[in-house]
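A short write-up of the structure that comes next.
Here, each number is a calculation from the coordinates, and none is a lab measurement. Computed from a predicted model, the values in this text were never measured in an experiment. No Cβ is skipped: glycine too gets one built from the backbone with ideal geometry, and neighbour counts run over all protein chains shown.
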Amino acid sequence: MARSFGASFQRIVWLSAAAFVVLSLWPHNAAKAQVIERGVQGGVVGAIIGGIVGGGRGAGTGAAIGAGVGIVTGAAEADANARAAYDSQYYGAPPPPGGSDLVYNIQTSLARLGYDPGPPDGVYGQRTADAISQYQHANRLPVDGRPSPQLLNIMISQGD
């Protein structure tokens, strides 16, 4: 008995296109992107396997199961990465002499959120400015790349 995989393939293509559209419109930081990426990967792999095993109906079921497993996996990885950032050698240490408390706190917050502000030393440099700009862009804030008490409050209110 021959199976037709045309409908399954069309669903896989449609799911992949829908995932691409969602990812391109979704504002995200590094941790959210990791969760979304794992969900999409799981969904596509699940759709392919489901399509092979169960035909057209299997593709949808496989995609749903794969996406669910992928999202859980991505969330676990993002959580592990966030915990690792909290355990970094700089966590809880005061900024070095000559550094700003505000810049230091923003740098440590950015690092915990998955951005790369450079070493948390309280010194405002190009890497810190770039990380601030990336965070502002990802969170739909006005992008100026400058540290401010308001920026730190936003980071804290978002669960940093």
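Approximating the spin labels as points 7 Å out from Cα along Cα→Cβ, the residue 141-to-residue 77 distance works out to 2.7 nm.
Mean projected area of the convex hull spanned by the Cα atoms of the range 94-157, taken over all viewing directions: 3.8 nm².
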